[in-house]
Amino acid sequence: MTDKRQFIDFLVQQNVLKFGRFTLNSGRISPYFFNLGSVATGGAYAELGSAYAEAVLQSGVEFDLLFGPAYKGIPIAVATAMALAERGVDVGVAYNRKEAKDHGEGGLLVGAPVSGRVLMLDDVLTSGKAIRGAADLIRSEGAEIAGVVIAMDRAEVMEGSEETAVSDLRGELGAPVISIAHVSDVLNYLDQAPAQSEALSAMRAYVEQHCAL
């Protein structure tokens, strides 16, 4: 699934991408909402993993391990690893717990050993807190951040800054941040859907005020 419109259509069908009136964590009133947590079936995760796998391969980023930051990044990393294996690229998967386990094997990290070049996978960047916390864990193991792949770049300029969440994280990590889709792809999708004229108008106004395209 490499076509942007096809991917956006998948997100809408899965109720991941919704249009209306939503209050974000930042306090902004947004005409759309994005939540990959709405993906809830094996078939849908297979499609999602395929989209991530294609983005990973097309990026050309070299990596040794996939890492899913808790919690939404975990099933994304597993689905992507399975899709990559079907394409002949079999790599390890690891993820973190949010709270350290004090019994059994203990610790915060689960899965394959965290070493070499690590590619992190997540849904969408808001504050980037989960990614930054995971990056600290990865580096504490002596591993390198190869990059980050997300489903959607909202391209919103952060309050009190000229940077978007993606550009800010890219600079901080010193690694590429790749998105499967961009808010501009959402605009293009709505532009080709006559029944969504109201959503398109609201999106255009929001993007003009808050986003860097």
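The values are calculated or read from the model by the stated rules, or taken from the named source; none is laboratory data. This is a predicted model, so every value here is computed, not measured. Here the Cβ is made from the backbone with ideal geometry for all residues, glycine too, and neighbour counts use every protein chain on show. For the accessible areas, the whole protein counts, side chains as well, though only heavy atoms, and no ligand, DNA or RNA atoms are used. Shrake-Rupley method; radii C 1.70, N 1.55, O 1.52, S 1.80 Å.
Tell me whether the range 195-202 contains one or more residues that are open to solvent by 20 Å² or more (accessible area, probe 1.4 Å), part of a helix (DSSP H, G or I), within 25 Å of F67 (Cα to Cα) and out of contact with any Pro (no Cβ under 6 Å at 6 or more places or on another chain).
No: zero hits.
Just name the residue that is farthest from E159 (Cα to Cα) out of those in the range 25-37 that are surrounded by 13 or more Cβ atoms within 10 Å (Cβ to Cβ) and of a type outside the set (G, A, S).
Selected residue: L36.
Could you tell me whether any residue of the range 155-178 is closer than 14 Å to L17 by Cβ and out of contact with any His (no Cβ under 7 Å at 6 or more places or on another chain)?
The answer is no, given that none of the residues of the range 155-178 is closer than 14 Å to L17 by Cβ and out of contact with any His (no Cβ under 7 Å at 6 or more places or on another chain).
Exactly one condition in (1) assigned to a helix (DSSP H, G or I); (2) open to solvent by less than 60 Å² (accessible area, probe 1.4 Å); (3) in contact with a Gly (Cβ under 9 Å, 6 or more places away or on another chain); (4) of a type outside the set (F, W, Y) is false for L190; which is it?
So the condition that L190 fails would be (3).
Consider G160 carefully, then state whether it is on the phi > 0 side of the Ramachandran plot, modelled with pLDDT under 95 and open to solvent by less than 20 Å² (accessible area, probe 1.4 Å).
no
List the number of the failed condition for A55; all other conditions in (1) at pLDDT below 95; (2) under 15 Å from I178 (Cβ atoms) hold.
Against the list (1) at pLDDT below 95; (2) under 15 Å from I178 (Cβ atoms), A55 comes up short only on (1).
Among the candidates G92, G49, G88, G73, which residue alone is over 21 Å from L17 (Cα atoms) and open to solvent by less than 60 Å² (accessible area, probe 1.4 Å)?
Result: G92 is the single residue among G92, G49, G88, G73 that is over 21 Å from L17 (Cα atoms) and open to solvent by less than 60 Å² (accessible area, probe 1.4 Å).
Do we find a residue being out of contact with any helix residue (DSSP H, G or I) (no Cβ under 9 Å at 6 or more places or on another chain), β-branched (V, I, T) and within 19 Å of R28 (Cβ to Cβ) anywhere in the range 165-173?
Yes, there is a match, as at least one residue in the range 165-173 is out of contact with any helix residue (DSSP H, G or I) (no Cβ under 9 Å at 6 or more places or on another chain), β-branched (V, I, T) and within 19 Å of R28 (Cβ to Cβ).
Is there a residue in the range 99-118 that is buried (at least 16 other Cβ atoms within 10 Å of the Cβ), in contact with a helix residue (DSSP H, G or I) (Cβ under 9 Å, 6 or more places away or on another chain) and farther than 18 Å from D136 by Cβ?
no
If you check every pair at least six apart or on different chains, which have Cβ atoms under 7 Å apart with a residue in the range 197-213 that is closer than 20 Å to E163 by Cα first and a residue that is exposed (fewer than 11 other Cβ atoms within 10 Å of the Cβ) and not charged (D, E, K, R) second?
Qualifying pairs under 7 Å: V207/L213.
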